[in-house]
Amino acid sequence: MSARAGLALARWHRYWITFATLLNKEVLRFSRIWVQTILPSAITTTLYFVVFGRLIGERIGTMDGFAYMDFIVPGLVLMAVITNAYSNVVSSFYSSKFSRYVEELLVSPAPPWVILAGYVAGGAIRGVTVGVVVMLVAMLFTDLAPHSLGITLLVFVLTAVLFALGGFINAVYANSFDDISIVPTFVLAPLTYLGGVFYSIDLLPGFWQTLSLLNPVLYMVNAFRYGLLGTSDIPLGMAFVIILAFIGVFTLVSLRLLARGVGIKH
Amino acid sequence: MHALAVEQLRKVYSTGFEALKGVDLSVPEGDFFALLGPNGAGKSTLIGIITSLVNKTSGSVRVFGRDLEREPEAVKAALGVVPQEFNFNLFLPVAEVVINQAGYFGIPRREAKVRAEMLLRKLDLWDRRRSEMRLLSGGMKRRLMIARALVHRPRLLILDEPTAGVDIEIRRTMWDYLRQLNAEGTTIILTTHYLEEAESLCRHIAVIDRGRIEAVAETGALLAKLDTEIFVLNLKQPLKCLPSLPGFALTQCDATTLEAALHRSQSLTELFAALARHGIEVGSMRNKQNRLEQLFLEMVQRGRGTRAAAAQAA
């Protein structure tokens, strides 16, 4: 091996250790307080299943040919993934800014992309973990078998990554703890509820149906629904293009913010 | 080679405040260097830029010959920083803080644990390794910041007021440890408000004020610039009336205390001899003011005076 190749290998090994350290810290952070981070989504989803699925759902009948309870499972699971991936990164990175321990990373040789990868992977793992828990709860109420396990898992992970990136951007711009709850309350919740979690967009009048197509959450919910049930309001290919495009844009924005030190350097 | 070479470094904050006005500074490898200045002089901004916590407006920073802008990873790997304010995750255990920092520098976890144990033992924190950060005293947190800054074995250690709020005993222990590190080859740059600390530890001193370097000199040479030094003399017997001692400026504070302003050309032996001739016996003696403090104030005031005069002339 040439000296240059050896140096490159050593550098990548160093990046890997930094990434693993950051990821380990992030996973420990949410798993130490699992009662606050994992359990709430499981309880909320159980209530959704009991109230919307069983009590009200039986009166609604079927949607897109599925029992209402089965129809809402993908959306509820994805809602938990979105909320948790987002809130994990936004609260973790903002706390590190607020208490200034983000400086531990800024003075280290870790390049911006490794720092971003560590935080996003931590958020994505929490999102996926909570998603799996909610899925297990769902299995108590339904007897779903995934239509395509590959697509289900892919959408699961991509959605978690996308919203972890969203949480990171929110944290960079946040100047107070209030700022980290504004986006989840006023942007994320409406997008999720109007993203076809509880209904098929075929039920909406023409204008609202077209407007719904501007909602990125709609594509994720439908792609996930396709993975689980084999049905979707929109073409699967388009859903993946939209999800990947958002991930690409959010990644570039996050890296630029980190490299310029926006919100973290004077 | 210089451990640090800063050229024409400027920083203008978004508010328009110019914190650094073209700073030039170099620190030789292996030096123990003090950066002194009043509050708001630009010390922390300068350290912030060197350690990548503050974005510069213009100028350059080189660490062991490597440019911070072109080779940030190499520069950061060579630097250890102890900031002025605590910057910890307060809910992490002590050992975890040091081990994580090692991980950020690419040190494998097994090796990180060994280094963390060595440093925590050295800085008397090993017994508290499982305590959460928020449960530590101020002095312990200061020592932990030193352990954290050293875990990747930096060649240049920068300490921004490391002993602020630390009691005398711990301060002396920290001084001993810093001296040992310097003796082992680590270049150390220190900012401090305790001028006694700079005088005791550092071989070179730079004085910064209002974003400009006012002076850089060897500590001994800087102290030699002092023309007058004031001593407080405690007398063995009470003195009713202070006799006139030609050539000496003496002031009586109370019955058993005198203050003597001694010029550089005069010696203490001459003073004691003159006092003895009047039957005055000195029991003990101390400097009224820290010598460096006196010099520091003189230099800062002189620098401000020169600039004000230049501005008026313009």
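The values are calculated or read from the model by the stated rules, or taken from the named source; none is laboratory data. Fair warning: this is a prediction, and the values are worked out from it, not measured in the lab. Using ideal geometry, Cβ is built from the backbone for each residue, glycine included, and neighbour counts are taken over all protein chains shown.
Each row is one residue, and each column tells you yes or no for (1) within 30 Å of A:Pro111 (Cα to Cα); (2) among the hydroxyl-bearing types (Ser, Thr, Tyr).
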position	(1), (2)
A:Arg4	yes, no
A:Ala8	yes, no
A:Leu39	no, no
A:Tyr48	no, yes
A:Ile60	no, no
A:Met63	no, no
A:Asn88	yes, no
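For residues that are assigned to a loop (DSSP other than H, G, I, E, B) and either more than 14 Å from chain A (Cβ to nearest Cβ) or at positive phi (or both), scanning just the range B:95-129, find the one that is modelled with the highest pLDDT.
As a first pass, look at the range B:95-129 and keep what is assigned to a loop (DSSP other than H, G, I, E, B): B:105-108, B:123-125, B:129.
Then drop every residue that is not either more than 14 Å from chain A (Cβ to nearest Cβ) or at positive phi (or both), which leaves B:106, B:123-125, B:129.
Numbers: B:Gly106: 96, B:Leu123: 90, B:Asp124: 89, B:Leu125: 92, B:Arg129: 93.
Checked the range B:95-129; the qualifying residue modelled with the highest pLDDT is B:Gly106.
When we screen A:Ile60, A:Ile38 for residues that are surrounded by 13 or more Cβ atoms within 10 Å (Cβ to Cβ), away from every other protein chain (no Cβ under 14 Å), of a type in the set (A, V, I, L, M, F, W, C) and farther than 28 Å from A:Thr129 by Cα, the only hit is A:Ile60. Can you spot a residue in the range A:219-230 that is outside any helix (DSSP H, G or I) and of a type in the set (A, V, I, L, M)? No, the range A:219-230 contains no residue that is outside any helix (DSSP H, G or I) and of a type in the set (A, V, I, L, M). Every listed requirement among (1) farther than 19 Å from A:Leu228 by Cα; (2) outside any helix (DSSP H, G or I) is met by A:Asp143 save one, (1). Taking the stated definitions as given, is A:Phe93 buried (at least 19 other Cβ atoms within 10 Å of the Cβ), at negative phi and among the aromatic types (Phe, Trp, Tyr)? Against the criterion (buried (at least 19 other Cβ atoms within 10 Å of the Cβ), at negative phi and among the aromatic types (Phe, Trp, Tyr)), A:Phe93 qualifies.
Of all residues in the range A:77-129, those that are among the small types (Gly, Ala, Ser) and away from chain B (no Cβ under 11 Å) total 10.
Quick check, is B:Ser244 among the hydroxyl-bearing types (Ser, Thr, Tyr) and closer than 30 Å to B:Lys43 by Cβ? Lay out the reasoning, then the answer.
Values: among the hydroxyl-bearing types (Ser, Thr, Tyr): yes; closer than 30 Å to B:Lys43 by Cβ: no.
So B:Ser244 does not fit the description; no.
Being modelled with pLDDT of 95 or more and either over 23 Å from A:Met220 (Cβ atoms) or in a helix (DSSP H, G or I) (or both) narrows it down to one of A:Ala138, A:Ala80, A:Ala164, so name that one. Steps first, answer last, please.
Details: A:Ala138 fails: modelled with pLDDT of 95 or more; A:Ala80 fails: modelled with pLDDT of 95 or more.
Checking each option against the conditions leaves just A:Ala164.
Out of everything in the range B:62-86 that is touching a residue at least 24 places away in the same chain (Cβ under 8 Å) and part of a loop (DSSP other than H, G, I, E, B), what residue ends up being surrounded by the fewest Cβ atoms within 10 Å (Cβ to Cβ)? Per the stated criteria, the residue is B:Gly65.
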